[in-house]
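Readers should treat all values here as calculations from the given coordinates under stated rules, not as data from a laboratory. This structure is a prediction, so every number in the text was calculated from the model and none was measured. Every residue, glycine as well, gets a Cβ built from its backbone with ideal geometry; the counts of neighbours run over all protein chains shown.
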Amino acid sequence: MNGALATFRRELRAYFFSPLAYIVLFFFMAVNGIIFIYLIGELSDPRSPGGPPFNYFFRATWLMLLLIAPVLTMRLVSEELRSGSIEVLMTAPVTEGAVIVGKFLAALTFYAFLWAPTLAYGLMISAYQKVDWGPIFAGYVGVLLIGSLFLAIGIFSSATTKSQLLAAMMTAALLFLLFLFGVFEQMVNNDTAKQALGYIGIWNHIDEFASGIVDTRRLVFYLSGTLFFLFLASRALEDKKWR
């Protein structure tokens, strides 16, 4: 536990002292702000079908999840493998699992920090009309759950190579594959295969969370998937330790 906490503090400081982190924050807020302003303008049009702005907001920002995870995780283990500092870290009384968990929690904390300012959008809307915070809460739960899985996949990729660029590309490829499952679901005729693809297809999950639906099956899927890839990352790090 102490090892994970020490790693968490170290990585979190690295995030906030890195210029890249603020570039990511600026890019993230700028794109989200543009999307939100555009949606408000569209929904203000009398010809629009209307509906809660956040419902459309979460659906429109799914691409951000696909882009952010590789950037936030590509250096976490790869850089230490490249520089050799991982050998110093692993000689300390800390397990591979604690190192991975600490790095994951730091990435997740910074990821949540990126999304925190968007809560102001709900406050701005509430000044002009009544806001149902339930679906908004569900949307943020979805954002954190999907982000957790994506970050875990990114850390696993980072633990398998010394190249940050290769780690980012591997993460992007795996995440893109997850999104493709939703496309394949519409192409198969077998009911069992369709249900299986629907269970792991990110498209359906984003729609459910954006609509205010928190299905326990989704909770199990994302929590178990996150733990699975963190486990794989710890095993990959252990393998690198003995080479």
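Return the FRET efficiency for the residue pair Phe27, Val220: r is the Cβ-Cβ distance, R0 is 25 Å, and the value is rounded to the nearest 0.05.
Efficiency, from the Cβ-Cβ distance: 0.15.
Can I get the semi-axes of segment 2-241's equivalent ellipsoid? Compute them from the C-alpha gyration tensor as square roots of 5 times the eigenvalues, in angstrom, largest first.
Gyration-tensor ellipsoid for segment 2-241: 33, 22, 15 Å.
Any idea how far apart Ala193 and Ile37 come out in nm if each label point goes 7 Å out from Cα toward Cβ?
The two pseudo-label positions are separated by 4.6 nm.
Which order do peptides 132-139, 204-211, 119-126, 67-74 fall in by mean Cβ count within 10 Å, highest first? Don't jump to the answer; show the numbers that get you there.
On the way: 132-139: 17.0, 204-211: 20.1, 119-126: 13.6, 67-74: 23.6.
So the order, starting with the most tightly packed, is 67-74, 204-211, 132-139, 119-126.
Roughly speaking, what is the stretch gain from Arg9 to Ser83, that is 0.36 nm per residue apart minus the C-alpha to C-alpha distance, in nm to one decimal? Kindly include the intermediate steps, with their values, before the conclusion.
Working: separation 74, 0.36 × 74 = 26.64 nm, distance 2.01 nm.
Gain on extension, Arg9 to Ser83, equals 24.6 nm.
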